[in-house]
Amino acid sequence: MQQQKHAHGFASLHVKGSPLILYNAWDAGSAKAVADAGSHAIGTSSWAVAAAQGYEDGESIPLSLVETILSRIVKSVGLPVTADVEGGYSDDPETCAKNIKRIVKHGVVGINFEDRIVSGDGLHTIEAQCARIAAIRSMADALDIPLFINARTDLFFGTGIAPNSWLGEAVERAMSRAYAEAGASGFFVPGLVDLHVITELCSAIELPLNVMVMPGLADTRSLSAAGVARISFGPTPYFNALGAVTQEAATALS
């Protein structure tokens, strides 16, 4: 019941024009620090989770270890937790669903699920990604958990697609006939910083739009006016924390 309550509460935090801010965590300690700062939810960064354990990004960290980390985060904070699961550790829809079920059973109420082919190049086709999203939605429904599936597209991360085709391709992936119809709850566009394109995308799709803080992205007020519903920080908090440790260690050791 608590997980269902958190899932419904997490979904309600996504409001166009009044974005949820997620300062991403990577372990129980960082999650507690973010919670103590007043966050309404906890989101993880796959890059940071892997790096904190000595792994590269790209599903190199064992799923069993990810489970352990997420379990500790959920048990350490009384907040909804959404996890970056990359590509679900498989290209196959049913295997993805089984892998993500392992994570959901630890109390997680949301996921970031990307359309990049983690083990290869480029993106999954719209049809293939829809099948993967649909399998995850079916799994969550069977558990009676309204899982927030944040469908991430890597269109804006050097996929070779021409910039003048970005908006059309993004809209096609997010429209009701594609990711949303398959069961997605939100649409995540890391790498997109052009405020004009962000504004057009918010107007063109029904799904709440999530952007990631990086150089060139507009401020929160501008993003709110554009209609953004979620702003996340990705691995930046991890970089900042490690930078501070390095600096302080250098001072202590000098």
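The values are calculated or read from the model by the stated rules, or taken from the named source; none is laboratory data. The shown structure was predicted, so the numbers you read here are calculated from the model rather than taken from an experiment. Glycine gets a Cβ as well: all are built from the backbone with ideal geometry, and neighbour counts include every protein chain shown.
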So which pairs qualify, if the first residue must be in region 139-151 and free of Cβ contacts under 8 Å to residues at least 24 places away in the same chain and within 18 Å of Val15 (Cβ to Cβ), the second must be among the small types (Gly, Ala, Ser) and surrounded by 20 or more Cβ atoms within 10 Å (Cβ to Cβ), the Cβ gap must be under 9 Å, and the two must be at least 6 apart or on different chains?
none
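Can you tell me which residue is surrounded by the fewest Cβ atoms within 10 Å (Cβ to Cβ) among those in region 179-204 that are hydrophobic (A, V, I, L, M, F, W, C) and not in a helix (DSSP H, G or I)?
Step one: filter region 179-204 for residues hydrophobic (A, V, I, L, M, F, W, C), giving 180, 182, 184, 187-189, 192-193, 195, 197-198, 201-202, 204.
Filter once more, keeping what is not in a helix (DSSP H, G or I): 184, 187-189, 192-193.
Details: Ala184: 25, Phe187: 27, Phe188: 25, Val189: 25, Leu192: 23, Val193: 17.
In this case the residue turns out to be Val193.
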Given the conditions (1) within 27 Å of Phe157 (Cα to Cα); (2) over 18 Å from the mean Cα position of the chain (by Cα); (3) among the hydroxyl-bearing types (Ser, Thr, Tyr), every one holds for Thr68 apart from (1)
Looking only at region 1-29, filter to residues that are of a type in the set (Gly, Ala, Ser) and crowded, with 23+ Cβ neighbours inside 10 Å; which one of those is nearest to Gly87 (Cα to Cα)?
Ala25
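Can you tell me which residue among Asp154, Asp194, Asp141 is modelled with pLDDT under 95 and farther than 21 Å from Gly43 by Cβ? Outline the logic, then answer.
Details: Asp154 fails: farther than 21 Å from Gly43 by Cβ; Asp141 fails: modelled with pLDDT under 95.
Within the list Asp154, Asp194, Asp141, the selection yields Asp194.
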Of Ser60, Ser90, which residue is buried (at least 18 other Cβ atoms within 10 Å of the Cβ), part of a loop (DSSP other than H, G, I, E, B), of a type outside the set (D, E, K, R) and free of Cβ contacts under 8 Å to residues at least 24 places away in the same chain?
Ser90
Taking the criterion of being out of contact with any strand residue (DSSP E or B) (no Cβ under 8 Å at 6 or more places or on another chain) and part of a loop (DSSP other than H, G, I, E, B), would at least one residue in region 3-15 satisfy it?
no
Number of positions in region 118-143 that are in a loop (DSSP other than H, G, I, E, B), touching a strand residue (DSSP E or B) at 6+ places or on another chain (Cβ under 9 Å) and buried (at least 16 other Cβ atoms within 10 Å of the Cβ):
1
